[in-house]
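Asks: Quick one: this structure, given as structure tokens, is what I'll be asking you about.
FYI, it's all coordinate maths here, none of it is from the lab. Model, not experiment: these values are computed from the prediction. Note that each Cβ is placed from the backbone with ideal geometry, even for glycine, and that neighbours are counted across all protein chains shown.
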Amino acid sequence: MGNPMAKFHTLANPQIPGVKDVEPKELFAKRSEVVIIDVRRPDEFTGELGHVAGSELMVLDTLPQRLGELPKDKTVVFVCRSGNRSAQAAGFALEHGFSDVYNMRGGMLLWNELGLEVAGRNEF
């Protein structure tokens, strides 16, 4: 099937050299074909911004210990609140032998701003 992100228009991340950003709408369209890792805290994952349906929570601080759980043969997209922590996670993965990793630009703030579907949001 090839790389599902190959058809994406990626941008270089301004903070982390080598990391490529993916637009939320493009990730939404391909979300069932990639592994989505949310690197926020558990309270953020289920907080007001919710999370991308199907994403897995892997707090950024635990990434060094848990990186081996991620598949190297699949596309991995990291997500956080604004795109900063997820860019760090993508950079860390690249440094440790992953090649098909991306950061979602703008994080869940932009995802929500665009009105894309969220899961796990606590309604108050």
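Asks: For the chain, give the magnitude of the charge dipole about the Cα centre (Cβ charges: +1 Lys/Arg, -1 Asp/Glu; no others), in debye to the nearest 20.
Replies: With Lys and Arg at +1 and Asp and Glu at -1, about 220 debye.
Asks: Obtain the nm distance between the two label points defined at ASN84 and ALA12 by a simple spin-label model: each point lies 7 Å from its Cα along the Cα-to-C-beta direction.
Replies: 2.2
Asks: How tilted is helix 84-95 with respect to the longest principal axis of the chain? Cα atoms for both, answer in degrees (0 to 90, nearest 10).
Replies: Rounded to the nearest ten degrees, it is 20.
Asks: If you don't mind, another one. Using 0.36 nm per residue of separation minus the Cα-Cα distance, give me the extension gain between THR46 and LYS74 in nm, one decimal. Spell out each step's value before the answer.
Replies: Working: separation 28, 0.36 × 28 = 10.08 nm, distance 2.56 nm.
Using 0.36 nm per residue and subtracting the Cα-Cα distance, I get 7.5 nm.
Asks: At 7 Å along Cα-to-Cβ for each site, give me the label-to-label distance between ALA29 and THR62 in nm.
Replies: Simple spin-label model gives 3.3 nm for this pair.
Asks: Out of all Cα-Cα pairs in the range 14-113, roughly what percent, to the nearest whole number, are more than 18 Å apart?
Replies: Working: 1836 of 4950 pairs.
Summing the P(r) tail past 18 Å for the range 14-113 gives 37 percent.
Asks: Follow-up. Please give the contour-minus-distance gain from LEU114 to SER99: 0.36 nm per residue of separation, less the Cα-Cα distance, rounded to one decimal in nm.
Replies: 2.6 nm
Asks: Which residue fluctuates the most in the chain, going by a Gaussian network model with Cα springs under 10 Å, if the choices are LEU114, LEU67, LEU94?
Replies: Of LEU114, LEU67, LEU94, the Gaussian network model singles out LEU114 as fluctuating most.
Asks: Between PHE45, PHE28, PHE98, where does the largest GNM mean-square fluctuation fall for the chain, given springs only between Cα atoms within less than 10 Å?
Replies: Comparing PHE45, PHE28, PHE98 in a Gaussian network model of the chain, the most mobile one is PHE28.
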